[in-house]
Number of protein chains: 2
Amino acid sequence: MRALVDGQEGARVDPFDRGLQYGDGLFETIAVPESKPRFLDWHLERLTDGASRLGFPALDTELLRREVSAIGNGSRCIVKLVVTRGSGSRGYRPPQMPQLRRIVSASDWPPVAAGAGARVGWCRTRLGRNPDLAGLKHLNRLEQVLARSEWEDGVLDEGLMSDEAGNVIAATQANLFARINSRWVTPRLDQCGVAGIMRRAFCAWRASQGAAVEERQISRAEVESASALLLTNALVGAWPVRELAGRPVAVDAESTEFNAWLGGK
Amino acid sequence: MRALVDGQEGARVDPFDRGLQYGDGLFETIAVPESKPRFLDWHLERLTDGASRLGFPALDTELLRREVSAIGNGSRCIVKLVVTRGSGSRGYRPPQMPQLRRIVSASDWPPVAAGAGARVGWCRTRLGRNPDLAGLKHLNRLEQVLARSEWEDGVLDEGLMSDEAGNVIAATQANLFARINSRWVTPRLDQCGVAGIMRRAFCAWRASQGAAVEERQISRAEVESASALLLTNALVGAWPVRELAGRPVAVDAESTEFNAWLGGK
């Protein structure tokens, strides 16, 4: 892994950075399947929206765009873009004139066999509800860390998380779609969860076919009885679930169609 | 402000530190009123408990104790001790053998006039509920950052936060005690909030007088009609509230007695 910190290769981070002290920042995980960052405009749009909701000053998206390209270096990789509220003094209060910090890093494209289908379980760790933070890809991710600690590599591919009220929200690093009564449904993310870019892409693709995805509360019983389940994230695109808590789930052909469409992006 | 990163003065932090990437860490704010860190044993006990709940390997508390003393340098200051799960590769899953990172910093003792009493308001930002994280002083602090952004310096001294269910939990950086029917009551912290060391000290002091503090759910209406209110944190000790949302609150003499007792610690 290599990183640019405020544009400097190999630099390290001030220990008083508010991203480190409080998780006071946002991130994007951007797939570069060949040479071009996928959905970069949408990633920068979400980051800009998040920055506004957290009260950050305006982002220099052109600079971020250049740094994402520079770190990707025209090769297949995953780029992670972190923006924090920069360095601060003691206390939660944000500085009046924050100097945002950028950390742009690249890692190798990991081995993922989306076609094989995901084996998924239920996480014990719940998601707290907070509408002020819901939907944002912010740096407060301890819930996901605890949830991902619940299984060893190889046992499962992903774990589904519910909120404190018992609604199913997402997997630890993917959004969820369930086919219920012949229609794709995805959890509402107005109380918690991250509104993924690939979730947006899947919804846009379905809408372009005249079949809108329904966003609403989904119970665990509905997920367990769904006729098909899909996970989406920036890296895998759409990942059909083939097994939930040890029981087989029918793999829907639409993930293949969507991924083919995605291949042209 | 000065800092030791893994024992090195002036060092900076790996951008792949999990504290920065996910808030995967814990902290303590330790008052050094003269030369000696106050309640250091209790701080290290809470940190050890938090590390265990997050699945960290065992802490070297003797090393932490030495670094707290070294950075404090025998003078009046505030020491902040951050322990993260160290550097990681991509993804939420914790490394199998994490190398914990220590960031120990000191800042000047800020001007606080606790005796004058605090002017307190109600924060709009709520606290999400999650029993897995409740009580811990972890690095996911965006809720406090947003709450503290709600007022400018000088307008208020602190803001009270409620959880998503409407229970009053704490101030942004202090615990709350309310005198209700001649008895001190403090919010239960089994769903959210930070179990402060000074909260523990106040409860211990009351117990030593044969008058246990009651821990339970507290509504906003109860706080509004309490005969007295106190805030506690590592720095100020007990801080009586003199004004809540613009209305005067009677200042109880017990904060003075407690702070006098604290002066002997």
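The values are calculated or read from the model by the stated rules, or taken from the named source; none is laboratory data. What you see is a predicted model; the values in this text were computed from it and never measured. Virtual Cβ from ideal backbone geometry, glycine too; neighbours counted across all protein chains shown.
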Find all pairs meeting these conditions: Cβ atoms under 6 angstrom apart; at least six residues apart or on different chains; first residue within region A:126-153 and under 23 Å from A:Ser219 (Cα atoms); second residue assigned to a loop (DSSP other than H, G, I, E, B) and aliphatic (A, V, I, L, M).
-> A:Ala134/A:Leu189; A:Gly135/A:Leu189; A:Gly135/A:Ala195
Yes/no for B:Ser89 being in contact (Cβ under 8 Å) with a residue 60 or more places away in the chain and either farther than 18 Å from B:His43 by Cβ or not assigned by TED's automatic domain parsing to the domain that holds B:Phe16 (or both) = yes
Collect the residues in region A:47-63 that are more than 30 Å from B:Asp108 (Cβ to Cβ) and either small (Gly, Ala, Ser) or surrounded by 21 or more Cβ atoms within 10 Å (Cβ to Cβ) (or both), keeping them in residue-number order.
-> A:Leu47, A:Gly50, A:Ala51, A:Ser52, A:Ala58
Selected residue [closer than 28 Å to B:Arg93 by Cβ, at pLDDT below 95 and in the same structural domain as A:Lys137 (by TED's automatic domain parsing)] from A:Asp163, A:Asp153 | A:Asp153
Scanning region B:1-55 residue by residue, those in contact with a Ser or Thr (Cβ under 9 Å, 6 or more places away or on another chain), within 14 Å of another protein chain (Cβ to nearest Cβ), part of a loop (DSSP other than H, G, I, E, B) and not small (Gly, Ala, Ser) turn out to be B:Met1, B:Asp14, B:Pro15, B:Phe16, B:Asp24, B:Leu54
Can you find even one residue in region B:195-211 that is assigned by TED's automatic domain parsing to the domain that holds B:Arg126, assigned to a strand (DSSP E or B) and of a type outside the set (Asp, Glu)?
-> no
Scan (1) within 21 Å of A:Arg126 (Cβ to Cβ); (2) more than 14 Å from every other protein chain (Cβ to nearest Cβ); (3) not basic (Lys, Arg) for the single condition A:Gly210 breaks and write down its number.
-> (1)
Exclusive hit being closer than 17 Å to A:Arg18 by Cα and not assigned by TED's automatic domain parsing to the domain that holds B:Ala195, set B:Val13, B:Val32, B:Val68 | B:Val13
So, in region B:72-92, of the ones that are over 30 Å from A:Ser105 (Cβ atoms) and part of a loop (DSSP other than H, G, I, E, B), which residue ends up nearest to the other protein chains (Cβ to nearest Cβ)?
-> B:Arg76
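For (1) touching a His at 6+ places or on another chain (Cβ under 8 Å); (2) closer than 30 Å to A:Trp151 by Cα; (3) modelled with pLDDT under 95; (4) acidic (Asp, Glu), each residue gets a yes or a no:
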site: B:Pro95; (1), (2), (3), (4): no, yes, no, no
site: B:Asp108; (1), (2), (3), (4): no, no, yes, yes
site: B:Ala113; (1), (2), (3), (4): no, no, yes, no
site: B:Arg119; (1), (2), (3), (4): no, no, no, no
site: B:Cys123; (1), (2), (3), (4): no, no, no, no
